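Asks: Take this structure first; my questions come after.
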Amino acid sequence: MLENRFRADIQGLRGLAVAAVVLFHAWPKALPGGFVGVDIFFAISGFLIGGHLQRDSLTGQVSLLTFYHKRARRLLPALLVMLAATLGLGGILLSPDNYQELARTALSSALFASNIDFYLFSGYFDQQAELRPLLHTWSLSVEEQFYLLFPFLLFIVIKWRPSALVPLTLLGIMGGVILSEWGLRHSPTGAYFLLPFRGFEFLIGALVAYLPAPRKDRPILRPLALATLGLCMVWLTPDMPFPGLRAGVPSFATAVLLWVGRFPLPRQTGGMLAGGMLGAGFLGRISYSLYLWHWPLMAFLRSLAGEVPDALMALCVGVSVILAWLSWRYIEQPFARLPIGHSPILRWSAAGLALIMLLAWGIWHGQGIPQRFAPQVLALYDAAQDISPWRESCHQDDRDRKPYARTCRLGGSGAPPLVVWGDSHGAELAAALARNQPLRQITASACPPVLGPDLPRRPQCARANQRMLTAISGDPAVETVLLAMNREAYPELPAQVLQDGLRETVTRLRQAGKRVILLGQIPNPHRDPAQSVGNALRFGRLAATAIPDPEAHSARLRAWAEIEQQLVTADRIIRIDPRKRLCAGGECPFVMGGEVLYFNDTHPSMAGARRLAEQIRAEAADILPQPRTPTPPRMSHRVNSADRVAIRGEFNF
């Protein structure tokens, strides 16, 4: 009876974890730390699998083939059905670029390597995370990679010295936390996605399985551990560095619940979560399928509708639960009842994997099958590639900062009199200005040109900015510096800190005798513009093709505008308001003159940057260096004049 009660408790804990993840994905602001549900899953998995392997090892009944057979029976059938459905739906809804990426991630997901895929290809300019239908599979990949390595290490320890199992596990946990903290400082993306920085969470759960059960009930620990989990879900936010020590808190709280849950309570006494509390037991049973299905549905909905109303998102969550129950009832359960060693499981799984990988490879090799769409639609989708031709060679990453002398000089030879200095909002602008003006481009992802603050995600930024300011100030050829930054991209720092840093940058440049141009905030779409306008043309403009509520956008940035206007009172400082060229009639559309103004959710395309460059040349003519003869604009490789005329007629911009 104890085993059944404890199993129900674990189901309840799983239900709590998946509910937190789903609510966070649906309404991030309502439960900002709901992502720790994944860390709860990691600790539970470590407890269950670690304990199972230990018992089998000590009794001499261990079989790795049986272990992996069970894992395949548990995970593969539902996963393969979800991957097939996602690829099918993506073929209807996604642009060629996004569909090609989906195919690549489907391939890596089938191989349980999607976490490595997302680490390698999660560049700063990739499509926003919430539009990637298979992003959630990274955690499944981490788990399976752990169980490819862990059994071998466990068996070695048990055969060599069983008494060393607990001390070595503790050592692995401490080493893992230290490594994860190190990763946060040197490669935050790697620390989030890769096994070496996450493995300690599984070990925390496994440690509970290796410790003796409590000798007496400790009821006070249950509410304390649950309160800790609740606090993590409310207090933690996606902007905080994670995992590291922060991930250890929900993992440890889960371990405490698992440990006290092992005490044999009387039959009539409820467990740590009373399995059915608030439906936690039901959600726990369908937790795997619910985790699989909820995210692709939300990603496709956001891709199609942009800003999703709460009622529509609630409907999406309801559909996810229904699909999860169907998957659990008709896929998970029938396969779970098949005996271990039942050869069709392996044959069907292998055949399913092969089919998914073949389909995904065909889509990827076919560049997302652009033949699905008319030329006018392709011209809009192609805006996702309307980026600076010097992006790869000139725009910098925090891990590879160039010294001033090696930064790119565009638009002519010799020492350029203009410097475009900024975060990624300056990259396309530099390329557009270079058509008429020799300049030096100093842009780095998520590193605004402000002095003082050290960004948790960009530990090299503060030192690099200080070096760049010194070099710019000491370069006699530089007459004018254009500062560009995405003021909405740094929620982890108080706005006042960034504003003071910008003021210090401008002051120091003026003291060095440099003219300064401040580019105001570009209105960020916060969705995929190319996908949105392409779908709008396909589906009769069901999707919005303008930034919602531009006035609210301006209100959020009013403090920035006031501070920048104060700086403008000084001589030879000009502030450019991008809304004058990117917005019209109280609306900030994605398309003007048949061109998409943004290539992703927060960056102007070359088409948008050319408009800004024209505005800068008009409004800052008095302090810009003398321009040279303009060169012809670079056109997107898929767009021809007939397509632009057709698009202009469809959207009337």
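Yes or no, residue by residue, for (1) in contact (Cβ under 8 Å) with a residue 12 or more places away in the chain; (2) part of a helix (DSSP H, G or I):
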| residue | (1), (2) |
| --- | --- |
| Leu283 | yes, yes |
| Leu290 | yes, yes |
| Arg302 | yes, yes |
| Glu307 | yes, no |
| Val319 | yes, yes |
| Ile322 | no, yes |
| Arg329 | no, yes |
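Asks: Ok, one more. For segment 409-453, what are the residues that are in a strand (DSSP E or B) and in contact with a His (Cβ under 9 Å, 6 or more places away or on another chain)?
Replies: Gln441, Thr443, Ala444 - these are the residues of segment 409-453 that are in a strand (DSSP E or B) and in contact with a His (Cβ under 9 Å, 6 or more places away or on another chain).
Asks: Please indicate, with yes or no, whether at least one residue in segment 583-603 is in a helix (DSSP H, G or I) and buried (at least 20 other Cβ atoms within 10 Å of the Cβ).
Replies: Within segment 583-603 (the criterion being in a helix (DSSP H, G or I) and buried (at least 20 other Cβ atoms within 10 Å of the Cβ)), the answer is no, since none of the residues qualifies.
Asks: So Arg515 fits all but one of (1) over 29 Å from Val419 (Cα atoms); (2) in the same structural domain as Pro448 (by TED's automatic domain parsing); what number is the exception?
Replies: (1)
Asks: Got a sec? Which of Arg541, Arg503 is surrounded by fewer than 22 Cβ atoms within 10 Å (Cβ to Cβ), at pLDDT below 95 and assigned to a helix (DSSP H, G or I)?
Replies: Exactly one of Arg541, Arg503 is surrounded by fewer than 22 Cβ atoms within 10 Å (Cβ to Cβ), at pLDDT below 95 and assigned to a helix (DSSP H, G or I), namely Arg503.
Asks: Looking at Pro449, Pro416, can you tell me which residue is of a type outside the set (A, V, I, L, M, F, W, C) and touching a Phe, Trp or Tyr at 6+ places or on another chain (Cβ under 6 Å)?
Replies: Answer to the selection: Pro449.
Every residue, every condition in (1) aromatic (Phe, Trp, Tyr); (2) assigned by TED's automatic domain parsing to the domain that holds Gln128; (3) within 17 Å of Phe35 (Cβ to Cβ); (4) surrounded by fewer than 14 Cβ atoms within 10 Å (Cβ to Cβ), yes or no:
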site	(1), (2), (3), (4)
Gly199	no, yes, no, no
Leu203	no, yes, no, no
Ala206	no, yes, no, no
Ala209	no, yes, no, no
Pro212	no, yes, no, yes
Arg215	no, yes, no, yes
Pro219	no, yes, no, yes
Thr237	no, yes, yes, no
Gly248	no, no, yes, no
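Asks: Identify, from the list Ile563, Ile576, the residue that is among the hydrophobic types (A, V, I, L, M, F, W, C), surrounded by 12 or more Cβ atoms within 10 Å (Cβ to Cβ) and within 22 Å of Ala613 (Cα to Cα). Don't jump to the end; show me each part of the working.
Replies: Working: Ile563 fails: within 22 Å of Ala613 (Cα to Cα).
Going through Ile563, Ile576 in turn, the sole match is Ile576.
Asks: Follow-up. For segment 446-458, which residues satisfy the criterion of being buried (at least 17 other Cβ atoms within 10 Å of the Cβ) and more than 19 Å from the chain's Cα centre (by Cα)?
Replies: Once the filter is applied, which keeps residues that are buried (at least 17 other Cβ atoms within 10 Å of the Cβ) and more than 19 Å from the chain's Cα centre (by Cα), segment 446-458 yields Pro448, Pro449, Val450, Leu451, Pro453.
Asks: Name the residues in segment 465-496 that are outside any helix (DSSP H, G or I), crowded, with 18+ Cβ neighbours inside 10 Å and hydrophobic (A, V, I, L, M, F, W, C), would you?
Replies: Of everything in segment 465-496, those that are outside any helix (DSSP H, G or I), crowded, with 18+ Cβ neighbours inside 10 Å and hydrophobic (A, V, I, L, M, F, W, C) turn out to be Val478, Val481, Leu482, Leu483, Ala484, Met485, Ala489.
Asks: Another question about this same structure. Can you work out which of the residues in segment 375-403 that are in contact with a Lys or Arg (Cβ under 8 Å, 6 or more places away or on another chain) and part of a loop (DSSP other than H, G, I, E, B) is nearest to Gln100 (Cα to Cα)?
Replies: Here the residue is Pro389.
Asks: From Gly50, Gly12, Gly37, grab the single residue that is in a helix (DSSP H, G or I), within 26 Å of the chain's Cα centre (by Cα) and either touching a residue at least 12 places away in the same chain (Cβ under 8 Å) or buried (at least 21 other Cβ atoms within 10 Å of the Cβ) (or both).
Replies: Values: Gly50 fails: within 26 Å of the chain's Cα centre (by Cα); Gly12 fails: within 26 Å of the chain's Cα centre (by Cα).
Every option except Gly37 fails the conditions.
Asks: Of all residues being among the polar types (S, T, N, Q) and surrounded by 18 or more Cβ atoms within 10 Å (Cβ to Cβ) in segment 340-393, which is farthest from Phe112 (Cα to Cα)? Just the residue, please.
Replies: In this case the residue turns out to be Gln376.
The values are calculated or read from the model by the stated rules, or taken from the named source; none is laboratory data. Since the model is a prediction, treat every value here as computed from it, not as a measurement. Methodologically, a virtual Cβ is constructed for each residue, glycine included, from the backbone with ideal geometry; neighbour enumeration extends over all protein chains shown.
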